[in-house]
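These notes concern the structure reproduced below.
The values are calculated or read from the model by the stated rules, or taken from the named source; none is laboratory data. These figures come from a predicted structure and were not determined experimentally. Glycine gets a Cβ as well: all are built from the backbone with ideal geometry, and neighbour counts include every protein chain shown.
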Amino acid sequence: MGDSIVVACGIIFCSTFAKPLLLDYIFFSIVKTNIFRLILLLACTCQAVAQTFPSERLLEDLKTLASVELEGRRTGTQGAVKARLFIQKRFAEIGLKPAFGKSYEQPFWVKNQKEAIEGVNLAGFIAGTKKNKQWIVICAHYDHLGKVGSTVFPGADDNASGVAALLALAEYFTKKPPQHNLLFLTPDAEEMGLKGAKHFLKNLPFPIEQLALHINMDMISRSNKNELFAVGTYHYPVLKKILAQYVAKGFKLSFGHDHPQHPTQDDWSNASDHAPFHQQGIPFVYFGVEDHEDYHQPTDTFERIHPTFFSAVVAGIAECVHLLDQHLNNIHKQKSQHP
Ligand SMILES: [Zn+2]
């Protein structure tokens with residue numbers, strides 16, 4: 001179909017504007033055909049990503065996780081139990097394999113001076129198509145601050161957004177299997193000092209030598225500047241080379257927030273669940289937005305997220321994960337340039 005349209009266009013163009021020489025015409029047809037094919041290919045690629053991310057489902061998942069019924073998802077509360085039931089139901093629907101024997105659950109204890117609270121990490125995985133033993137951990141904490149009196153802190157951006165994105169990515173990669181094993185981890189007790197992520201790292205379901213890369217998402221659903229940061233490339237420059245191949249659509253992907261002496265930007269190298277992995281020398285990419293006025297406030301609600309930005313960001317992160325998966329051999333066991 002493409003070729004005949006191009007030939008028809010060529011004939012119209014030639015008969016209207018010039019008496020063509022045969023060679024000019026052939027050249028014209030070839031160039032136009034390839035441009036047309038390229039446009040078609042790009043259109044199909046964009047459509048494929050758009051189709052794989054029905055933003056309805058993505059937004060619905062975020063809305064459920066940030067709903068009042070889940071009471072702010074504080075570790076050790078009924079709200080956290082409800083959040084876990086929901087996430088595990090989605091893991092099973094998507095077809096993730098349980099990461100801990102027959103279970104998605106990894107319980108642990110969070111101790112403070114007065115009491116011990118039970119936290120529970122959740123994880124499921126998709127096996128890679130290559131017969132290899134390397135793992136990428138894709139991570140988004142599900143806990144938040146709970147409630148004070150009757151005031152709920154819904155944590156829509158922090159971090160219902162990351163968990164909804166993780167579910168969308170899991171769905172995407174079950175349809176487009178990765179080369180390497182992808183483990184989808186939603187840690188508990190991030191807000192209590194990254195306790196869930198630290199426990200997971202000490203109790204990995206595979207040998208640590210096989211852990212090639214950690215990808216963390218924490219607060220990714222709103223930005224007044226339409227900007228998402230990919231943090232960590234200062235420490236692991238190879239990641240920047242790979243991610244630079246990705247052309248962001250519908251938002252701006254910026255590098256930064258990982259330099260300890262930067263004059264204007266905070267260093268986020270230890271700001272969320274990627275920190276313990278980074279401290280163990282595991283390469284990481286953390287996706288996140290700048291803090292906003294609703295950060296850790298009861299006003300961090302579903303209504304305040306930016307749906308178009310969020311959908312574009314999740315489709316973009318999927319493309320980034322795909323690129324990182326393809327180049328994982330160059331990443332695995334990279335030493336931090338600035339430990
Ligand atoms: Zn968070």
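Descriptive notes on the structure:
- Here VAL247 meets each of (1) more than 24 Å from GLU171 (Cβ to Cβ); (2) surrounded by fewer than 20 Cβ atoms within 10 Å (Cβ to Cβ) with one exception, condition (1).
- Members of the range 138-159 that are assigned to a helix (DSSP H, G or I) and either away from the ligand (no atom under 13 Å from the Cβ) or within 14 Å of VAL313 (Cβ to Cβ) (or both): ASP157, ASN159
- Among the residues of this structure, LEU185 does not count as one that is away from the ligand (no atom under 16 Å from the Cβ) and assigned to a strand (DSSP E or B).
- Yes/no for LYS130 being of a type outside the set (Ser, Thr, Tyr), away from the ligand (no atom under 16 Å from the Cβ) and in contact (Cβ under 8 Å) with a residue 40 or more places away in the chain: yes
- Every test in (1) surrounded by fewer than 18 Cβ atoms within 10 Å (Cβ to Cβ); (2) in a loop (DSSP other than H, G, I, E, B) is passed by GLU303 save one, and that test is (2).
Here is a yes/no grid of residues against (1) buried (at least 21 other Cβ atoms within 10 Å of the Cβ); (2) outside the structural domain of PHE310 (by TED's automatic domain parsing); (3) in a loop (DSSP other than H, G, I, E, B); (4) within 16 Å of the ligand (Cβ to nearest atom):
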| site | (1), (2), (3), (4) |
| --- | --- |
| ILE220 | yes, no, yes, yes |
| ASN224 | no, no, yes, no |
| PHE229 | yes, no, no, yes |
| GLN265 | no, no, yes, no |
| ASN270 | no, no, yes, yes |
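- In the range 201-218, residue nearest to the ligand (Cβ to nearest atom) [restricted to those that are surrounded by fewer than 20 Cβ atoms within 10 Å (Cβ to Cβ) and hydrophobic (A, V, I, L, M, F, W, C)]: LEU204
- Looking only at the range 63-96, and only at residues there that are more than 19 Å from the chain's Cα centre (by Cα) and hydroxyl-bearing (Ser, Thr, Tyr), the one that is surrounded by the fewest Cβ atoms within 10 Å (Cβ to Cβ): THR77
- Summed over the range 276-300, residues that are among the small types (Gly, Ala, Ser), touching a residue at least 60 places away in the same chain (Cβ under 8 Å) and surrounded by fewer than 20 Cβ atoms within 10 Å (Cβ to Cβ) total 0.
- Only residues that are among the hydrophobic types (A, V, I, L, M, F, W, C), closer than 21 Å to SER150 by Cβ and part of a helix (DSSP H, G or I) were counted across the range 57-83, and they come to 6.
- Complete set of residues in the range 194-206 that are in a loop (DSSP other than H, G, I, E, B) and in contact (Cβ under 8 Å) with a residue 40 or more places away in the chain: LEU194, ASN203, PRO205, PHE206
- For the criterion of being touching a Gly at 6+ places or on another chain (Cβ under 9 Å) and surrounded by 21 or more Cβ atoms within 10 Å (Cβ to Cβ), PRO177 fails.
- No other residue among HIS214, HIS235 is in the same structural domain as PHE287 (by TED's automatic domain parsing) and assigned to a loop (DSSP other than H, G, I, E, B) apart from HIS235.
- Within the range 271-322, the residues that satisfy the criterion of being among the hydrophobic types (A, V, I, L, M, F, W, C), more than 25 Å from GLU209 (Cβ to Cβ) and out of contact with any helix residue (DSSP H, G or I) (no Cβ under 7 Å at 6 or more places or on another chain) are ALA271, VAL289, PHE309, ALA312, VAL313.
- Scoring PHE86 on the criteria (1) within 13 Å of VAL163 (Cβ to Cβ); (2) in a strand (DSSP E or B) leaves a single failure, condition (2).
- The criterion of being of a type in the set (Val, Ile, Thr) and within 16 Å of the chain's Cα centre (by Cα) holds for ILE215.
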